[in-house]
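**Q** Here you go, one structure.
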């Protein structure tokens, strides 16, 4: 699939230390003080009709295919207890109670690197999620928005999404816009919901020849040289363990 990219300066990366030692002035023995081991939590947020039916349409499980792609590449990390992922609907990450129940319950400690991958309305609510979590002291390492939608007043009235435009907060932000050469019905649906047109802000902004519904295609298309969003996400996770 073809891709057109615009790159910006990326944010800083952070690493955690596994443990350190402290000694009391009156105690000459060395005390090992445990510190949380590095983990990575990836939250995949689907759009309308993804995880559950949307006005008698779906569920289509579009973002789940992207999740399975990354899960297959992180099996060793998962078996070691250093990686976990979750598939959520866009309506499960809106509002304090839903965020606490569905998202914060996944995160073992606030300095744990969190990655948000949102598709369609999930990209819109997922971007809002990054700011909320950051304000609560959580560390959002990367946001990936896959053809985000949510600007339309009609879709706001009929969907559980935030009304105001998102202001993402993440160390890195990758945005991918679907620009298919051959449109399908899902592209019309995205036009109805009104795409969130992003010109500035992401570390990497790319146009991909894929249809709106093809979350896996958007996630795995080459957008940065020979690398995809999936590749860049995996690299960021692996840097945490280097």
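**Q** Check 171, 178 and return the single one that is farther than 16 Å from residue 44 by Cβ, at pLDDT 95 or above, in contact with a strand residue (DSSP E or B) (Cβ under 8 Å, 6 or more places away or on another chain) and surrounded by fewer than 23 Cβ atoms within 10 Å (Cβ to Cβ).
**A** On the way: 178 fails: surrounded by fewer than 23 Cβ atoms within 10 Å (Cβ to Cβ).
Just a single option satisfies the conditions, and that option is 171.
**Q** Looking for something without any contact (Cβ under 8 Å) to a residue 40 or more places away in the chain, in a loop (DSSP other than H, G, I, E, B) and either more than 17 Å from residue 46 (Cα to Cα) or under 17 Å from the mean Cα position of the chain (by Cα) (or both) - is there at least one such residue anywhere in region 184-191?
**A** Looking through region 184-191, at least one residue is without any contact (Cβ under 8 Å) to a residue 40 or more places away in the chain, in a loop (DSSP other than H, G, I, E, B) and either more than 17 Å from residue 46 (Cα to Cα) or under 17 Å from the mean Cα position of the chain (by Cα) (or both).
**Q** Which condition breaks for residue 45 when tested against (1) at pLDDT 90 or above; (2) part of a loop (DSSP other than H, G, I, E, B)?
**A** (2)
**Q** Kindly list the number of the only condition in (1) part of a loop (DSSP other than H, G, I, E, B); (2) surrounded by 16 or more Cβ atoms within 10 Å (Cβ to Cβ) that fails for residue 151.
**A** Checking residue 151 against (1) part of a loop (DSSP other than H, G, I, E, B); (2) surrounded by 16 or more Cβ atoms within 10 Å (Cβ to Cβ), the one that fails is (2).
**Q** Taking the criterion of being assigned to a loop (DSSP other than H, G, I, E, B), closer than 30 Å to residue 137 by Cα and in contact with a strand residue (DSSP E or B) (Cβ under 7 Å, 6 or more places away or on another chain), would at least one residue in region 203-210 satisfy it?
**A** Step one: list which residues in region 203-210 are assigned to a loop (DSSP other than H, G, I, E, B), which gives 203, 209-210.
Imposing the further condition that a residue be closer than 30 Å to residue 137 by Cα reduces the set to 203.
From what's left, in contact with a strand residue (DSSP E or B) (Cβ under 7 Å, 6 or more places away or on another chain): 203.
Yes: one or more hits.
**Q** For a quick check of your reading of the model, give me the residue pairs whose first member lies in region 41-64 and is at positive phi and buried (at least 20 other Cβ atoms within 10 Å of the Cβ), whose second is assigned to a strand (DSSP E or B) and at pLDDT below 95, with beta-carbon atoms closer than 9 Å and at least 6 apart or on different chains.
**A** From region 41-64, the pairs are 49/57.
**Q** Please report, ordered by residue number, the helices (runs of 4 or more DSSP H) entirely within region 67-135 with at least 2 residues that are buried (at least 21 other Cβ atoms within 10 Å of the Cβ).
**A** Where helices (runs of 4 or more DSSP H) fall fully within region 67-135 and carry at least 2 residues being buried (at least 21 other Cβ atoms within 10 Å of the Cβ), they are 121-135.
**Q** Another question, if that's okay. Note down all Cβ pairs under 6 Å where the first residue falls in region 220-232 and is modelled with pLDDT of 95 or more, the second is part of a strand (DSSP E or B) and surrounded by fewer than 21 Cβ atoms within 10 Å (Cβ to Cβ), and they're at least six residues apart or on different chains.
**A** Short answer, once both residue conditions are applied: 221/3; 222/3; 223/3; 223/5; 228/222.
The values are calculated or read from the model by the stated rules, or taken from the named source; none is laboratory data. Everything numeric in this text was worked out from a predicted model, so none of it was measured. All Cβ positions, glycine included, derive from the backbone under ideal geometry; neighbour counts span all protein chains shown.
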